[in-house]
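Step one of this worksheet: look at the structure below.
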Amino acid sequence: MIRLAIISLVIAAVLAILGFGGAAGAFVGIAKFLFVLAIALFLIFLVLGLLAGKGIRNAID
């Protein structure tokens, strides 16, 4: 997902250079959304992984 955010930023930069400000702004918005979504999913899966690891360790002991 971070890759898609970076691709969106590159497309936005190219569009801004070519003078398409509205489309560039839309791509920047998409990149921001994808970046925040990727960070949120990372944190959710990190917490779930830590909780699952503790549960498995308690079950084994």
Checklist entry - What percentage of the solvent-accessible surface of the chain, computed with a 1.4 Å probe over protein heavy atoms, is contributed by carbon and sulfur atoms? => result 81
Checklist outcome for this item: Output ordering of 13-19, 42-48, 3-9 (per-residue mean of other Cβ within 10 Å, highest first) is 3-9, 13-19, 42-48
Checklist outcome for this item: With Cα coordinates, the longest principal axis of the chain makes an angle with the long axis of helix 2-18, in degrees rounded to 10, of 10
Next on the checklist: What do you get for the angle between helix 21-60 and the principal long axis of the chain? Use alpha-carbon atoms, 0 to 90 degrees, nearest ten.
Outcome noted: 10
Item to check | Hydrodynamic radius of the range 20-60 per Kirkwood, over alpha carbon pairs, in Å | outcome: 12.5
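The values are calculated or read from the model by the stated rules, or taken from the named source; none is laboratory data. All values derive from a computational prediction rather than experimental measurement. Note: ideal-geometry Cβ built from the backbone for every residue, glycine included; neighbour counts use all protein chains shown. When the accessible area is computed, the model is the full protein with side chains, heavy atoms only, and any ligands, DNA or RNA have been set aside. Shrake-Rupley method; radii C 1.70, N 1.55, O 1.52, S 1.80 Å.
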